[in-house]
1. How large is the accessible surface per residue of region 42-127, computed with a 1.4 Å probe and reported in Å² as a whole number?
2. Name the residues whose placed amide hydrogens come within less than 5 Å of the amide hydrogen of LYS10, ignoring near sequence neighbours (fewer than 5 apart) on the same chain.
3. Are there trypsin sites (Lys or Arg not before Pro) in region 41-115 that DSSP puts in a loop and that have at most 14 other Cβ atoms within 10 Å, and which ones?
4. What is the antiparallel percent of DSSP beta bridges lying wholly in region 1-88, to the nearest 5?
5. Whole-Hz Karplus ³J(HN,Hα) for region 52-65, in order, using 6.51 cos²θ - 1.76 cosθ + 1.60 and θ = phi - 60°, x for Gly and Pro?
6. Work out from phi, with θ = phi - 60° and the Karplus expression 6.51 cos²θ - 1.76 cosθ + 1.60, the ³J(HN,Hα) of each residue of region 11-24, listed in order in whole Hz, and give x for Gly and Pro.
7. Among DSSP beta bridges whose residues both lie in region 17-143, state the antiparallel percentage, nearest 5.
8. Using R₀ = 45 Å, calculate the FRET efficiency as 1/(1 + (r/R₀)^6) where r is the Cβ-Cβ separation of THR149 and GLU18; round to 0.05.
Amino acid sequence: MKAIIQRVAKASVTVGEEQISSIGKGICVLLGISVEDTQKDTEYMVRKILNLRLFDDENGKHWCKSVMDKQYEVLCVSQFTLQCILKGNKPDYHTAMAAEQSEPFYNDFLEHMRKAYKPEVIKDGKFGAYMQVHIQNDGPVTIELESPTGPADLKQQAKLEKQQQWEEKTRSKGPSESGKEKAASRAEVDPITSSGAEGGVSSERES
């Protein structure tokens, strides 16, 4: 499963002369479903899309808040052309899931997203229709996202995410008390540092 996520000031979908869906500030998600996608891909993509930190916090710090944190809207549009493979200059879409399977799959994706967030803020286009999608990209900010392709990739992705979360927590806490104690202990027994306290070697080392 592939997605293009754009941070938007506003976005809408028109079919013919009728506007069928619109949102204000939030994200627009263009979603391409492949023949190999499963429920696991849906769960992964919904979780990642809703938790992407694309927005500023109340203090203006960048990349801190998700669409859910800000209580913004989401516009989803099914786009099989994301599964394109070029054969020379001609696009080939044989890796895209067929419409009779992908429509219920896409509807299930929307249902997962509504359950994970709020139903009233999840909007979508019209599956299979020829649509005009109007996107006012805010930034611009555009993120490409692809679900893992198999069980091994899912395990590796989960391991990587846990490591990243641990690193973020470590950075936010700063040096641990035990680390500070060890540093102080080394300073007490280090003869060079001790001599520096008398105005000797350490000042030369600092320079």
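The values are calculated or read from the model by the stated rules, or taken from the named source; none is laboratory data. Every value quoted in this text rests on a predicted model; they were computed, and no experiment measured them. No Cβ is skipped: glycine too gets one built from the backbone with ideal geometry, and neighbour counts run over all protein chains shown. For accessibility, only protein heavy atoms count, side chains too; no ligands or nucleic acids. Shrake-Rupley method; radii C 1.70, N 1.55, O 1.52, S 1.80 Å.
1. Numbers: 4870 Å² over 86 residues.
Normalised by residue count, the accessible surface of region 42-127 is 57 Å².
2. Answer set, sorted by chain and number: GLN136.
3. On the way: sites: ARG47, LYS48, ARG53, LYS61, LYS65, LYS70, LYS87, ARG114, LYS115; in loops: ARG53, LYS61.
Passing both the DSSP loop test and the Cβ count: ARG53, LYS61.
4. On the way: 13 of 19 bridges.
Bridges in region 1-88 are about 70 percent antiparallel.
5. Computed from phi, the couplings for region 52-65 are 4, 8, 9, 10, 7, 8, 5, 9, x, 6, 6, 6, 10, 10 Hz.
6. Values, residue by residue: 7, 7, 10, 10, 10, x, 9, 9, 7, 9, 7, 7, 9, x Hz.
7. Details: 5 of 14 bridges.
The antiparallel proportion sits near 35 percent.
8. On the way: r = 38 Å, r/R0 = 0.85.
About 0.75, to the nearest 0.05.
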